[in-house]
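Novice: The structure's right below; bear with me while I get my questions together.
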Amino acid sequence: MCLLVVCCTQCRKAGNAVLSNDDAYDARLSGGAATTFDISSLSFSSPIPGLSGWDLHVHELGDKIFEQSFVAAPAPIYGGLGPVFNNVSCVSCHHNDGAGIPTAGLVNSSLLIRLSLPGSDLHGGPLPIPGYGGQLQDVALFGTQPEAKVNITYTEEPFTFPDGETLSLRKPTYTLTNPYTPLPAGYLTSPRMAPPVFGLGLLELIPEATIRSFADPYDADKDGISGKANYVYNPYTQKTELGRFGLKANTASLLVQVTAAMQQDMGITSYVFPQKSVYGQAQWSSVKDTKGTDLPDSLVNAVKFYVQSLAVPARRDVTDPVVKHGEALFAQIQCASCHKPTMYTDVNVTLPALSHQRIHPYTDMLVHDMGAGLADNRPDYLADGTEWRTSPLWGIGLFQKTNGTPYYLHDGRARNLKEAIIWHGGEAANSITQFTKLPRADREAIITFLQSL
Amino acid sequence: MKKILILLMGTALSLQACHKASNTTSTEDYTVLEGEVLNDFVQKIALPQYNDLQLKATAFNAAIVQLNANPTDANLTAARQGWRDVRQGWEQCEGFLFGPVEDDNYDPQMDTWPVDNVQLDSLMSSSNPLGIIDIQNLSTLSLRGFHPIEYILWGVHGNSTAASITAREKQYMVSLSADIVNNTTNLNNSWLASGSNFQNDVLNAGKGSTRFKSRQEAFLAIAGAMIDICGEVGDSKMGEPFAAYDSTITESRFSHNSITDFRNNIIGAQNVYLGTYGGASGKSISALVAAKNISLDNQIKAQFTAAINSFNNISTTFEQGIYSQRTQVQNAITALSTLSQTLDAQLLPFIKQYIKD
């Protein structure tokens, strides 16, 4: 299989290849040369092929830290947890490098709540709440009070297709209880479930020009679908840059994504974020070890390299006629207008498997209005309260494998792909109407196609 | 965690291409054998081992209750033995770490490492109640499972006595061991037909199983778990303390049970390959391999034996051995690496080539 990958990429003509000429390519190669054929529960956990011995070593080091539970400081190893946090390791939320479980505050929880006040900070980002910051840490070390607890309740709402098929959608309500200090009036919340972390090296390498070419912020072509790039502040480079990561594309680089998660979700400091998440808050007084950062720079970089070098799982059943039919329908009803199937990555001379690859992420990396049903009503840089980044769909058919029970959408409210589709609104409303009007077999074909990703 | 052997992929392909299939078995018989192997994996490996794990956890909890009621050094010794016994069960079950144990996070719930001394000390010096519910409500898993109990039963320098363990520590261990009983019971139930019935997903692989769309997928999951544990023992559990010359980062450093832990991990994987456990044996992956490629089967069996025997050459604790017996430790790591390379580069392609349903 690996040889095949290499051949395919070497034979392909560089330059302005014709994207529509799909027959010339192996449809299974979602990540180009950075594709793995593992379809086990660890299908999101393979390194990209062709890493050097040294790079593989760094990848494994990063893997180790990604899985490691951190403990309270001072500790001989892996100290620095908290004092308030969301979970104790990366993998606790990103189960098998995939998505997680939409609960909050439990040892296996993958959902957190972003917080802010109306308005924006100096850099155009969300305005932090004094005493809380921009994210709620709902767990704490023994003897420290969490910032607050998150209570999630669901109400089931029936949905009926025109042909009579029914579906139950569960609508979540999030309330914060037991705040350690009063929350101000009018605070904003946004629930976020941990997304999968594979393929991120490829997404980081999609040329900005490609992403910008997808944007149509004023809907000039009048197709009802706009889509805009989020431009966000990068605290490491101290510049405003194109946002790529995070469920609202509020983070510009993998380095910042990884280190912000360490600091905000676990309380682990690094050279990018050298202060504890509670710096300036009352819990700061309980921090015992304030010298240096919790994680050495080399290990921080190794974790960043780990997620950068996780391969994309290959598609299955690509020649199945139902899958092919579903794929055609997916494009026909304009799902593919935002969930863009095909693009090329830029050049990366040190990592050939990522470099100039033809990839199928099924995202345009833009933020779109997803309607009132999914809205968090909390702006995040240019993404307003109804806008979310188009989630990549690669690997979505393997969520059951990697997660046991699969959950979908930004807060895991959808229990299956059909529910996830129906929740789409806003710019997707027209596509969803078309979806509901399709014959049932055609709807199932689209689901079968998604399961092949 | 995934064992990575990219550099060997080319070799794997060429070996695969060169090796001659000795089709001594008809396709029909082979398909029947595949079903029997899956059946025996469930009936003779997974179910009995999870059942034994639950029994050992229950016995361990009883020993801790006894120590709490009557804190003599004899009861401390018995409790330590109970810990080693349940540890043996758990480490062997890690030879097939897929399914509910993975989906429902049983590993972190019982085997989180390292011990969080700071939080443990503040919990012990607090007046926080220590009932099982209170333990389960603790915010971090590093305060639950095998290793906090190990820390208390042995002490940092292995010099705990029945008298030196405080009343709160004993109460804490009673609840921690009851929590392990809970977890092992739930894990066992998750495979039982009367419970979540995960066995059904394995037995019906390729025949309606939602988890395994083909038998090949099920066999790849089983083999993948074997490879992962071999890689984890060699590269992480042994390799990291060895490379760092650091005995404080070994797995069971208070009890000095690390080598036994490692050996049991590999025995667990060997049980799966040979289809044997607790004196019973059944149709095995070994038989599937032998039917098509007897030399590969012999090679895997020999490498399992070599890896398990290599631990015997380390005549001191692992914590000492990484300083004083580096050759022997290195040899064990090498034996594990050889084994996992063979499984990765030859067993996985074998499954992809011959298990087609």
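All of the numbers you see were taken from the coordinates with simple rules; none came from a lab. In this text the structure is predicted, and so the values were computed from the model without any measurement. Cβ sites come from the backbone with ideal geometry, for glycine too, and all protein chains shown count toward neighbours.
Novice: What FRET efficiency do you get for B:Val32 and A:Glu444 if R0 is 45 Å and r is their Cβ-Cβ distance, rounded to the nearest 0.05?
Specialist: 0.85
Novice: Just counting partner chain Cβ atoms within 10 Å, what average do the residues of peptide B:98-108 show around their Cβ?
Specialist: Whole-number average of other-chain Cβ neighbours for B:98-108 is 4.
Novice: Quick check on packing: order B:47-53, A:106-112, A:242-248 by the mean number of other C-beta atoms within 10 Å, highest mean leading.
Specialist: Ranking the peptides B:47-53, A:106-112, A:242-248 by packing returns A:242-248, A:106-112, B:47-53.
Novice: If the convex hull of the alpha-carbon atoms of segment B:173-323 is projected onto planes in all directions, what is the mean projected area in square nanometres?
Specialist: The Cα convex hull of segment B:173-323, projected and averaged over all directions, gives 11.8 nm².
Novice: Using a Förster distance of 30 Å, how high is the FRET efficiency between A:Thr173 and B:Lys207, based on the Cβ-Cβ distance and rounded to 0.05?
Specialist: 0.15
Novice: What is the spread of the Cα atoms of the protein assembly as shown along each of their three principal axes, largest first, in whole Å?
Specialist: If we take the Cα atoms of the protein assembly as shown, the spans are 81, 72, 53 Å.
Novice: For chain B, give the magnitude of the charge dipole about the Cα centre (Cβ charges: +1 Lys/Arg, -1 Asp/Glu; no others), in debye to the nearest 20.
Specialist: 620
Novice: If you don't mind, there's one more thing I want to ask. Rounded to whole Å and sorted largest first, list the principal axis extents of the Cα atoms in segment A:40-105.
Specialist: 40, 32, 13
Novice: Enumerate the residues in segment A:215-241 having an amide nitrogen under 20 Å from the point lying 7 Å beyond the Cα of A:Thr433 toward its Cβ.
Specialist: Residues A:219-227 fall inside that zone.
Novice: Let me ask something else. For A:107-114, what's the mean count of beta carbons from other chains sitting within 10 Å of each residue's beta carbon?
Specialist: For this peptide, the per-residue mean of nearby foreign Cβ atoms is 2.
Novice: Between B:Ala74 and B:Ser125, what FRET efficiency follows from the Cβ-Cβ distance if R0 is 30 Å, with the result rounded to 0.05?
Specialist: Result of the calculation: an efficiency of 0.55.
Novice: Using the Karplus curve 6.51 cos²θ - 1.76 cosθ + 1.60 with θ = phi - 60°, work out ³J(HN,Hα) for each residue of segment B:99-104 in order, rounded to whole Hz, and write x for Gly and Pro.
Specialist: For segment B:99-104, the Karplus-derived couplings read x, x, 4, 8, 4, 9 Hz, x marking Gly and Pro.
Novice: Where the centroid of each part is defined by its Cα atoms, how far is segment A:41-61 from segment B:214-268 in Å?
Specialist: 18
Novice: Let me ask something else about it. Once amide H atoms are placed 1.01 Å from N in the peptide plane, what residues at a sequence separation of 5 or more from A:Asn234, or on another chain, have their amide H within under 5 Å of its amide H?
Specialist: The answer is A:Lys239, A:Thr240, A:Glu241.
Novice: In terms of modelled amide H atoms, which long-range or inter-chain residues lie less than 5 Å from the amide H of A:Val71?
Specialist: Here the answer is A:Gly79, A:Gly80, A:Leu81, since their amide H atoms fall under 5 Å of that of A:Val71.
Novice: Taking every Cα atom in chain B, find the radius of gyration and the maximum pairwise distance Dmax, and write them in Å.
Specialist: Rg, Dmax (Cα atoms, Å): 21.5, 69.
Novice: Starting from the Cα of B:Thr185, move 7 Å in the Cα-to-Cβ direction to define the label point; list residues of segment B:106-143 whose amide nitrogen is under 13 Å from there.
Specialist: B:132-133
Novice: Between A:Thr36 and residues 5 or more places away or on another chain, which pairs have amide H atoms under 5 Å apart, with H built 1.01 Å from N, and which residues are they?
Specialist: Result for A:Thr36 returns A:Val312, A:Ala314.
Novice: Can you work out ³J(HN,Hα) from phi for every residue in segment A:66-77, in order, using Karplus 6.51 cos²θ - 1.76 cosθ + 1.60 and θ = phi - 60°, giving whole Hz and x for Gly and Pro?
Specialist: Per residue, the Karplus-derived 3J(HN,Hα) values read 4, 8, 6, 6, 8, 10, 5, 8, x, 9, x, 9 Hz.
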